[in-house]
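Chemist: Sharing a structure, written as structure tokens. Questions coming.
The values are calculated or read from the model by the stated rules, or taken from the named source; none is laboratory data. From a predicted model like this one, the values you see are computed outputs, not experimental measurements. Note that we place each Cβ from the backbone using ideal geometry, even for glycine, and neighbour counts take in every protein chain shown. Surface accessibility is based on the protein's heavy atoms, side chains included, excluding ligands, DNA and RNA. Shrake-Rupley method; radii C 1.70, N 1.55, O 1.52, S 1.80 Å.
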Amino acid sequence: MRYSIKQLSFLLLTTLLTLSTVTAQAKKKKMYKPTAILVQLKAEQRKISELEKNNRTGSANMIKEDAAQVRSRMIKDFTDNFDYCPVYYFMDTDLDKIKRYDFDGVLLDKDGNIVTSASITSGDSTFYIAYYGMPAPAYKDDEDKGKRKSSNVTNEALVLTDNRYNQVETFWRNKIFEPTISEYNYESAISTTVTYKRSADMLNHFFTKRSK
């Protein structure tokens, strides 16, 4: 049975659309409905310790203040712009406990108080982690070289990971549409990595869209 070019093109397009739908559905099945989002806050302990070690006390104090501002802006962003599920915070110095699903004494509310009655309890794995920083580089298969980087990641973003700290999605804010001043944004004057740009609304949209 012979097909015309038009018929072949239609069959090819139909097949590609079907495969795309299956792939999208497969990816969607890999996601689970979160009981909570755990937002990782940076203490910037390594930077501060290194500066103090080199007797740069003034710079160390500036980083402490900048880090506090970043944490405050990030918490405000999630408080105002994320309502899909409960949000709790934790310091990056407690990440190992979070990875062990041990939440006792490490989950914080928006005011920085330890949460005693969270919707998620130790041992529960139905959570995602969100942090603002450098995403893991993407890789693709290469027949000659095996796995290799497909792009150079140079900009910080909001990164969503699963409960095992595997990267799931990244969210970049387009600078073109950003207001010059935002109550959620902050940039250190002395460090390009002590920064935050509003991202909670994009994460909220991501989960809301998937749940429909």
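Chemist: Give, in nm to one decimal, the length gained when the segment between T208 and L95 is fully stretched (0.36 nm per residue of separation minus the Cα-Cα distance).
Modeler: Separation in residues times 0.36 nm, less the Cα-Cα distance, equals 38.0 nm.
Chemist: State to the nearest 20 debye the size of the charge dipole of region 57-130 about its Cα centre, where the only charges are +1 on K and R beta carbons and -1 on D and E beta carbons.
Modeler: Charge dipole of region 57-130: 120 debye, to the nearest 20.
Chemist: Could you do me a favour and compute the accessible area per residue for region 25-78, 1.4 Å probe, result in Å²?
Modeler: Solvent-accessible surface per residue comes out at 61 Å².
Chemist: Once fully extended, how much extra length lies between S191 and D162, figured as 0.36 nm per residue of separation less the alpha-carbon to alpha-carbon distance? Kindly include the intermediate steps, with their values, before the conclusion.
Modeler: Working: separation 29, 0.36 × 29 = 10.44 nm, distance 2.83 nm.
Length difference between fully extended and current span is 7.6 nm.
Chemist: While we're looking at this one, here's another question. Name the residues whose placed amide hydrogens come within less than 5 Å of the amide hydrogen of M91, ignoring near sequence neighbours (fewer than 5 apart) on the same chain.
Modeler: Those qualifying (amide H under 5 Å, at least 5 residues apart or on another chain) are L41.
Chemist: Give a residue-ordered list of calculated ³J(HN,Hα) values for region 33-38 (Karplus: 6.51 cos²θ - 1.76 cosθ + 1.60, θ = phi - 60°; whole Hz; x for Gly, Pro).
Modeler: 6, x, 6, 7, 9, 9
Chemist: For region 90-106, list residues with backbone N below 19 Å from a point placed 7 Å from the Cα of Y32 toward its Cβ?
Modeler: The answer is 96-104, whose backbone nitrogens lie closer than 19 Å to the label point.
Chemist: Quick one: pull the percent of accessible area on region 48-103 belonging to carbon and sulfur, 1.4 Å probe, ligands and nucleic acids left out.
Modeler: On region 48-103, the fraction of accessible area on carbon and sulfur atoms equals 41 percent.
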